[in-house]
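The values are calculated or read from the model by the stated rules, or taken from the named source; none is laboratory data. From a predicted model like this one, the values you see are computed outputs, not experimental measurements. As a convention, Cβ positions derive from the backbone with ideal geometry for all residues, glycine included, and neighbour counts pool all protein chains shown. Areas reflect the complete protein model, heavy atoms only, side chains present, ligands, DNA and RNA absent. Shrake-Rupley method; radii C 1.70, N 1.55, O 1.52, S 1.80 Å.
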Amino acid sequence: MKIVKIRAVLLSHDYTGRPPLAWVGGRIETWDAALVEITTEDGVTGLGEVAQGIMGAQAVPGVVDALRRYAVGLPVDEPATVGDALRASTAFWARGGVASGVIAAIEVAAFDALGKARGLPVHELLGGPLRERVEVYASGGLGVEEDQVVAWVKDMEARGFSTVKFRAMTGPERTIGLIDRVAAALEPGTRFVLDAVQGCAGTPWPLDDVLRVGKHLEGHGPCWFEEPCRAEDVAGYAAVRDALGVPVSGVESYSTRQEFERLIEAGGVDIVQPDVGMVGGVMEFQRVAARAFGAGLDCVPHIWSTGVNLMASVHTAFATPQLDLIELCTLPNPLREELLAEPLRIEGSHVLAPTAPGLGLRLTPELERRYAYQPGRGHVIV
């Protein structure tokens, strides 16, 4: 069973006329997505998602066109070889960035198609499920005022989540104030994560400010301090980790396994956060996770985007040894739920192993019309 067709599918969910999704670093005007659909010679389709598409969807169709000559003819019944084959054919120009995301989407789509053809969930193709349930933490915490973030945290507790992640405010002083407000509002037993959002910041905090926030965090016992430095500042991550008594994590925007290897070798993090749809696909994700676990570190995947990347990540989590915590974005986004063939089964703060064939997705012409792509909007960073 081989790939005979491949196409990019761009979608947008429009927030016009609804309460805006805004935080101190920007706003979400439309929730954009870049999907890749493959078709096999037997007419089976599979879906994958380019995680970079939330901010760079328009770049994806051109990369898909450039990869088409290498993707068509690849064996869907050997999906674990698809990503490596594409990387081997395109090493001159596709080492990282959006190209890595497109390669990931094609590989994931091959797993999806094979799962549907065989009537098996993707995690079974990967040798899972290794467990019946995986813990999820609530990820969101956007707001321009402290009250907005605190209200979201309380809502997540009411929904049964035992761990919540919220974003830093502008500058260290406002962030320290937010930490105190949230920590005081948490129920006993609720854990929290602070995402400093410096990984892709236009003007990242100076190291002294990062350490000031990190030292303040030490008194509140967070699960981890996420992305305190720009993604490429490996020495900065190592300095922060060396200076603080709280775990340090990163870097969701890394698009190659080699970037994670350099970060691990430098002693930059306690927790790696690869994204299946950004780092090159399921196989590269599992290689990063194995490298981290082998070094005595942890791996907690970054999961954002739509239901496509969500399900690719969930299936991968159920088939990855030692991985016991994943992210669940709780911001309103119908592209997360409406692309699912059946609802994600969540009990309290745990997700149960999916049972639908493939990734458990559906993409219809009606959904493509309803969520037609709107260029020039998306996530606006200020």
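Yes/no per residue for (1) assigned to a loop (DSSP other than H, G, I, E, B); (2) free of Cβ contacts under 8 Å to residues at least 12 places away in the same chain:
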site: A80; (1), (2): no, no
site: D84; (1), (2): no, no
site: A88; (1), (2): no, yes
site: A91; (1), (2): yes, yes
site: I103; (1), (2): no, no
site: K116; (1), (2): no, no
site: A138; (1), (2): no, no
site: G141; (1), (2): yes, no
site: D147; (1), (2): no, yes
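The rows are residues; the columns are (1) open to solvent by 40 Å² or more (accessible area, probe 1.4 Å); (2) assigned to a strand (DSSP E or B).
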| position | (1), (2) |
| --- | --- |
| R174 | yes, no |
| L178 | no, no |
| A183 | no, no |
| E187 | yes, no |
| V193 | no, yes |
| G199 | no, no |
| T203 | yes, no |
| R212 | yes, no |
| K215 | yes, no |
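Here F161 passes the criteria (1) surrounded by fewer than 23 Cβ atoms within 10 Å (Cβ to Cβ); (2) part of a loop (DSSP other than H, G, I, E, B) except the one numbered (1).
Of the residues making up the stretch 68-93, those that are over 23 Å from P274 (Cα atoms), of a type outside the set (D, E, K, R) and in contact with a strand residue (DSSP E or B) (Cβ under 8 Å, 6 or more places away or on another chain) are A71, V72, G73, L74, P75, V76. The criterion of being under 23 Å from V240 (Cα atoms) and of a type in the set (A, V, I, L, M, F, W, C) does not hold for F161. Looking across D65, D77, one residue alone is surrounded by fewer than 23 Cβ atoms within 10 Å (Cβ to Cβ), charged (D, E, K, R) and touching a helix residue (DSSP H, G or I) at 6+ places or on another chain (Cβ under 9 Å). It is D77.
When E366, E342 are checked against the criterion of being open to solvent by 10 Å² or more (accessible area, probe 1.4 Å) and in a loop (DSSP other than H, G, I, E, B), a single residue qualifies: E342. Selection of the stretch 1-44 for residues being of a type in the set (G, A, S) and touching a His at 6+ places or on another chain (Cβ under 9 Å) yields G26, A33. When the criteria are applied in full, V134 meets the requirement of being closer than 18 Å to C223 by Cα and in a strand (DSSP E or B). In the stretch 90-137, of all residues being more than 15 Å from P357 (Cβ to Cβ) and among the charged types (D, E, K, R), the one that is least open to solvent (accessible area, probe 1.4 Å) corresponds to E107.
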